1. Restricting the first residue to region 45-57 and requiring it to be within 15 Å of MET22 (Cα to Cα), which pairs with a second residue that is assigned to a loop (DSSP other than H, G, I, E, B) meet a Cβ separation below 7 Å and a spacing of at least six or different chains?
2. Give region 187-201 a look and list any residue that's loosely packed, with under 15 Cβ neighbours inside 10 Å, outside any helix (DSSP H, G or I) and not small (Gly, Ala, Ser), or say none.
3. Considering only residues that are surrounded by 13 or more Cβ atoms within 10 Å (Cβ to Cβ), small (Gly, Ala, Ser) and within 24 Å of GLU144 (Cα to Cα), which ones fall in region 202-252?
4. Take LEU124 and tell me if it is modelled with pLDDT of 95 or more and not hydroxyl-bearing (Ser, Thr, Tyr).
5. From the set of residues in region 169-186 that are assigned to a helix (DSSP H, G or I) and free of Cβ contacts under 8 Å to residues at least 60 places away in the same chain, which is farthest from TYR139 (Cα to Cα)?
6. Could you say which residue among GLU51, GLU65 is over 30 Å from ILE162 (Cα atoms) and either among the basic types (Lys, Arg) or touching a helix residue (DSSP H, G or I) at 6+ places or on another chain (Cβ under 8 Å) (or both)?
7. Tell me which helices (runs of 4 or more DSSP H) are completely within region 13-129 and hold 1 or more residues being within 30 Å of HIS276 (Cβ to Cβ) and out of contact with any His (no Cβ under 8 Å at 6 or more places or on another chain), or say none if there are none.
8. Which of the residues that make up region 228-260 are under 23 Å from the mean Cα position of the chain (by Cα) and within 22 Å of ASP215 (Cα to Cα)?
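The values are calculated or read from the model by the stated rules, or taken from the named source; none is laboratory data. Note that the structure is a prediction, hence the values are computed from the model and not measured. A quick note on method: Cβ atoms are made from the backbone with ideal geometry, for glycine too, and the neighbour counts reach across all protein chains shown.
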Amino acid sequence: MLYSFHELAYQSAAPFRIGAQMARAFWTSPFNPMADTAIGRTAYASAELFENLTRRYGKPDWRLETVQINDKPVRTEEQVIWASPWCRLVRFARNLGDLRRARKPTAAPAVLIVAPLSGHYATLLRGTVETFLQDHDVYVTDWENARNVPMLEGRFDFHDYIDHVRTMIAKVGPGAHVVGVCQPGPPVLAACALMAQDGDPNRPASMTFMGSPIDARLSPTVTNQLAEERPFAWFKSNMIHTTPLPYPGAGRRVYPGFVQLYSFMSMNEDKHVDAHRRYF
């Protein structure tokens, strides 16, 4: 029910959000003599803050059509190498002619960047991808939002996650390097271990984990402590909710993004409140 109430609150706020947008435009109009007064700036700040807090933020663009390599522009093409209902394997193919002009070898080691499945879009790793493009043939996992996957596609659990990672490593090919960023560390490690056990010729040349909790017992955080204090049943009843209509995945049990956001913000609540106060 929480997910349904959240959607109801968002839809109910639509008229007020439109009003806030109109107020923001009114108090920044060059034809409004009150715009530069204390009252005008306060009214604008109130409208801006309300609009930002109630707005839906879509998936950002990669904006990697061109990257700078050796101070030369090199064009890239976004290619979907493999896809399932849950993920797209995206390659950023560098233009060979531009690479020659940049005095870079056209053949480069492949690297698969495994972005987190949940929490944010893969495009948050734009800077990481751009840096790797200097010397690598870059692939990245672009996960689908679970609420957009119809129930007919079945479930997606930890074992499916491992299978997806293993499949994508194989699609990249033998000798590739794998980088797991944050949350995908354990499934990446499991997939690579299974490939090694099976003697898979596509197993990666190296694994790198960035900010990933391989052993959560070390350097425990507030999240680790909460996991130790609560039973699994508590997380299932408080963190997992049913996707409502009109999403394509209506009826699917998910860990909603807004719950994730509120959970992380609650760990530093004062910091976020102060940030909004300063922004106002």
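1. ALA45/PHE280; LEU49/PHE280; THR54/ALA13
2. Of everything in region 187-201, those that are loosely packed, with under 15 Cβ neighbours inside 10 Å, outside any helix (DSSP H, G or I) and not small (Gly, Ala, Ser) turn out to be ASP198, PRO201.
3. Answer for region 202-252, where residues must be surrounded by 13 or more Cβ atoms within 10 Å (Cβ to Cβ), small (Gly, Ala, Ser) and within 24 Å of GLU144 (Cα to Cα): SER212, GLY249, ALA250.
4. Against the criterion (modelled with pLDDT of 95 or more and not hydroxyl-bearing (Ser, Thr, Tyr)), LEU124 does not qualify.
5. Here the residue is PRO186.
6. Residue meeting the stated conditions: GLU51.
7. Numbers: elements: 14-27, 38-54, 96-101.
Once the helices (runs of 4 or more DSSP H) in region 13-129 are filtered for at least 1 residues that are within 30 Å of HIS276 (Cβ to Cβ) and out of contact with any His (no Cβ under 8 Å at 6 or more places or on another chain), what remains is 14-27, 38-54.
8. Residues satisfying the conditions are PHE235, GLN260.
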